[in-house]
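Since the structure comes first, as structure tokens, the remarks are kept for the end.
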Amino acid sequence: MAKQKPSISDLIDKSIIKVGQTFFAPKDDFGYLGIIANREHITIKYTREGIDPRNMEIELYESFSKPANEICGYPVNAWFFWKYHKNGEDRPIDDWRKEYKNTVL
């Protein structure tokens, strides 16, 4: 059975995402851009003017969940919180998890 929560390296190994891939928090609400930094980590950048109120730009995160929870201030499902652009549409990164599950079945 496929892992429900693939790691960043799992997604890279299956060529679903690549280093440098971007994703974002709902722009109107938060103003954060995520970047796949390497095989094990993501970074989060604040995209609005001024100083990052959560000081997230200096950290490397090992999952999508921790920064999403920090941004919201409570637990959220990061697979649906984070979005990415595909064919001119904002899609949840849950697409990546679904694609991964399909590759390991």
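The values are calculated or read from the model by the stated rules, or taken from the named source; none is laboratory data. A quick note: this is a predicted structure, and the numbers were derived from the prediction, not measured. With ideal geometry, Cβ positions are generated from the backbone for all residues, glycine too; neighbour counts draw on all protein chains shown.
Entry remark, segment 69-105: residues being under 18 Å from Leu33 (Cβ atoms) and either touching a Pro at 6+ places or on another chain (Cβ under 9 Å) or basic (Lys, Arg) (or both) number 12 in total. When the residues of segment 2-39 are filtered to those that are over 27 Å from Gly88 (Cβ atoms) and either within 12 Å of the chain's Cα centre (by Cα) or among the aliphatic types (A, V, I, L, M) (or both), which remaining residue is surrounded by the most Cβ atoms within 10 Å (Cβ to Cβ)? Among those residues, the one meeting the criterion is Ser7. When the residues of segment 34-46 are filtered to those that are of a type in the set (A, V, I, L, M) and part of a strand (DSSP E or B), the one that is nearest to Ser63 (Cα to Cα) is Ile42.
Residues checked against (1) among the charged types (D, E, K, R); (2) out of contact with any Gly (no Cβ under 8 Å at 6 or more places or on another chain); (3) on the phi < 0 side of the Ramachandran plot:
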| site | (1), (2), (3) |
| --- | --- |
| Gln21 | no, yes, yes |
| Gly31 | no, yes, no |
| Gly50 | no, yes, no |
| Glu57 | yes, yes, yes |
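Confirm whether Arg54 is more than 22 Å from Glu99 (Cα to Cα) and out of contact with any Pro (no Cβ under 8 Å at 6 or more places or on another chain). Yes, satisfied. Quick check: anything in segment 47-58 part of a loop (DSSP other than H, G, I, E, B), surrounded by 15 or more Cβ atoms within 10 Å (Cβ to Cβ), at pLDDT below 95 and acidic (Asp, Glu)? Within segment 47-58, one or more residues are part of a loop (DSSP other than H, G, I, E, B), surrounded by 15 or more Cβ atoms within 10 Å (Cβ to Cβ), at pLDDT below 95 and acidic (Asp, Glu). Val104 meets each of the listed conditions (1) touching a residue at least 60 places away in the same chain (Cβ under 8 Å); (2) out of contact with any strand residue (DSSP E or B) (no Cβ under 6 Å at 6 or more places or on another chain); (3) surrounded by 15 or more Cβ atoms within 10 Å (Cβ to Cβ) apart from (3). Within segment 71-100, being modelled with pLDDT under 95 and surrounded by 14 or more Cβ atoms within 10 Å (Cβ to Cβ) holds for Ile71, Cys72. Filtered by the rule that a residue be assigned to a helix (DSSP H, G or I) and charged (D, E, K, R), segment 59-105 gives Lys66, Glu70, Asp94, Asp95, Arg97, Lys98, Glu99, Lys101.
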